[in-house]
Amino acid sequence: MKQSYWNKVVILGATSDMAVAFSHLLAKKNISQILIGRNKEKLEAIAKDLQIRYQIKVDTILFDVEKDSPEQIIKKIPDSIDMFACFIGYLGDQKKAQTDSNEAQRIIKINYTMPAIFTEMMIEKIKQSSSKKRTIIGISSVAGDRGRQSNYFYGSAKAAYSTYLSGLRNRLFKEKIHVLTVKPGFVYTSMTENLNLPPLLTAKPEEVAKDIFKAAMKEKNVIYTKWFWKYIMLIIKYLPEFIFKRLSL
Ligand SMILES: NC(=O)c1ccc[n+]([C@@H]2O[C@H](COP(=O)([O-])OP(=O)(O)OC[C@H]3O[C@@H](n4cnc5c(N)ncnc54)[C@H](OP(=O)(O)O)[C@@H]3O)[C@@H](O)[C@H]2O)c1
């Protein structure tokens, strides 16, 4: 008999505050998970908490996307997977990246190159699943919708990632594998803890996780979270360049 939910989920960037909130939602539905991250202590603490609270199977795999080979990591993941969700990200230091090519490369690698390469490697494992729902989720950003002087290395990496996910959705549609692109606006997480975010525009990780879960269930293609970012970005995207280039954004 086919199940109505996913059975086995792999999460890359599982220590992200958004990913942890998402893991809890999956665990409440009794969905077992393989959590991938680079911080052993944090990863094991999250796994233990999920196992104790929800009595589900949780495995962990260590992976530092800057140091380890994805080919070695992929071998540790079982063959049949129903959902792959990628939460890794690095805001980086835009000013530093303008003069330090290592920082620029780091931003591009963590936000685009590795998410795309690792997702591509996961496709065969998802194809092997017989689940009714087979899903790939990529966390991009509203920052990818238009380049701004304050974060254009991060923004352009996220734009590339959104484009990758769009192509993948097109490729996998006929195989009934659903690809969801998530574009969060501001979210209170460790990535933004040093920023002064406007409370009215900023989401909690739990709110974002709920939006992602709902969108995956309904097989949405692209979502903005919170929802109103779709309209904020519409205005930003369509501002004429001769005005946009004069703004300090
Ligand atoms: N917060 C926002 O306002 C916001 C807005 C739009 C989009 N996003 C996107 O949302 C996603 C989740 O981010 P978050 O806000 O939840 O921030 P976060 O808590 O800082 O999560 C970032 C994740 O990326 C992982 N990571 C960074 N460098 C890595 C590396 N070299 N190897 C392996 N893992 C690495 C982090 O691992 P460690 O825990 O080990 O550091 C962490 O799991 C990211 O893709 C981010 O770009 C965030």
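Assorted remarks:
- Note that the chain presents 53 Å² accessible area per residue, ligands and nucleic acids not counted, probe 1.4 Å.
- Between Ile74, Ile212, Ile137, the GNM of the chain built on Cα springs shorter than 10 angstrom shows Ile74 fluctuating the most.
- Inter-label distance for Met121 and Lys48, nm, one decimal - labels placed 7 Å from Cα along Cα-to-Cβ: 2.8
- Accessible-area composition of the range 8-244, carbon plus sulfur, in percent [1.4 Å probe]: 53
- Ser162 accessible area, assembled protein chains, probe 1.4 Å, Å²: 20
- Of the cross-linked pairs Lys176/Lys210; Lys132/Lys237; Lys42/Lys204; Lys109/Lys204; Lys40/Lys127, those separated by over 31 Å at the C-alpha level are Lys132/Lys237.
- Difference of contour (0.36 nm per residue) and Cα-Cα distance, Lys57 to Tyr5: 17.2 nm
- Nitroxide proxy distance, nm - points 7 Å out along Cα→Cβ at Ser130 and Thr192: 4.3
- Whole-angstrom gap from the range 68-131 to the range 158-211, using each part's C-alpha centre: 15
- With the simple spin-label model, which puts each label point 7 Å out from Cα in the Cβ direction, the Thr113 to Arg171 separation comes to 1.9 nm.
- Positive-end residue of Ser130, Ile52, Pro115, charge dipole of the chain with Cβ unit charges: Ser130
- The chain: most fluctuating residue of Gln51, Gln72, Gln33 per GNM, C-alpha cutoff 10 Å: Gln72
- Prolate/oblate/rounded call for the range 173-248, Cα gyration tensor, a/c under 1.5 rounded: oblate
- Cβ-Cβ FRET estimate between Phe242 and Gln149, R0 fixed at 22 Å, reported to 0.05: 0.90
- GNM flexibility winner over the chain from Tyr161, Tyr231, Tyr188 (Cα, springs under 10 Å): Tyr231
- Ratio of Rg to Rh for the chain: 0.96 [Cα atoms; Kirkwood radius as inverse mean 1/r over pairs].
- Förster-model FRET efficiency, 22 Å R0, Asp64 and Asp100, C-beta, rounded to 0.05: 0.65
- Computed [θ] at 222 nm, deg cm²/dmol, the chain (DSSP H ≥ 4; -39,500 (n - 2.57); rounded to nearest 500): -12500 deg cm²/dmol
- The stretch between Glu206 and Lys218 holds 2.5 nm of extra length on full extension. This uses 0.36 nm per residue minus the Cα-Cα distance.
The values are calculated or read from the model by the stated rules, or taken from the named source; none is laboratory data. Remember, predicted model here, so these are calculated numbers, not experimental data. Heads up, the Cβs are rebuilt from the backbone with ideal geometry, glycines too, and the neighbour counts pull from every protein chain shown. Ligands, DNA and RNA are excluded from the accessible area calculation, which covers all protein heavy atoms including side chains. Shrake-Rupley method; radii C 1.70, N 1.55, O 1.52, S 1.80 Å.
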